[in-house]
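Here the structure is laid out as structure tokens; the discussion comes afterwards.
The values are calculated or read from the model by the stated rules, or taken from the named source; none is laboratory data. Since the model is a prediction, treat every value here as computed from it, not as a measurement. Heads up, the Cβs are rebuilt from the backbone with ideal geometry, glycines too, and the neighbour counts pull from every protein chain shown. The protein model used for the area step is the full one, side chains on, heavy atoms only, and it has no ligands, DNA or RNA in it. Shrake-Rupley method; radii C 1.70, N 1.55, O 1.52, S 1.80 Å.
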Amino acid sequence: MPLDPDQLNPTDRVILDNLNEGRCTAAYIATETGYSKGNIRNRLVRLAEHGYVKQLGGGLYELIEDPRHHDDP
């Protein structure tokens, strides 16, 4: 089930912003943003469950689709 952009929390938005610039690890995003690595990791898992990001291995993630950019029908 897709996420509505209103369901994204501030951490999700920061993650998506970072992944829009390229592949990242939870540790990198945490260092860049000040959020805890655990919080970033939990949100990455949630975004992956919805198909918006993909874990490539070794903790590296890439953006598949940004839910904030869905076209309205």
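Please find, within the stretch 2-14, the residue that is surrounded by the fewest Cβ atoms within 10 Å (Cβ to Cβ) out of those that are out of contact with any Ser or Thr (no Cβ under 6 Å at 6 or more places or on another chain) and in a helix (DSSP H, G or I). Quick ask: steps written out before the conclusion?
Applying the first criterion (out of contact with any Ser or Thr (no Cβ under 6 Å at 6 or more places or on another chain)) to the stretch 2-14 yields 2-13.
Then drop every residue that is not in a helix (DSSP H, G or I), which leaves 5-7, 10-13.
Details: P5: 14, D6: 5, Q7: 11, P10: 10, T11: 19, D12: 21, R13: 14.
By that ranking, first place goes to D6.
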Restricting attention to the stretch 20-60, the residues that are surrounded by fewer than 18 Cβ atoms within 10 Å (Cβ to Cβ), in contact with a Phe, Trp or Tyr (Cβ under 6 Å, 6 or more places away or on another chain) and assigned to a helix (DSSP H, G or I) number exactly 0
Return the pairs, sorted by first residue and then second, in which the second residue is assigned to a helix (DSSP H, G or I) and charged (D, E, K, R), the first residue lies in the stretch 17-41 and is under 23 Å from H69 (Cβ atoms), the beta carbons are less than 8 Å apart, and the residues are 6+ apart or on different chains.
N18/E32; A26/K37; A26/R41
Going through D17, D66 one at a time, which residue ends up being within 10 Å of the chain's Cα centre (by Cα) and open to solvent by less than 50 Å² (accessible area, probe 1.4 Å)?
D66
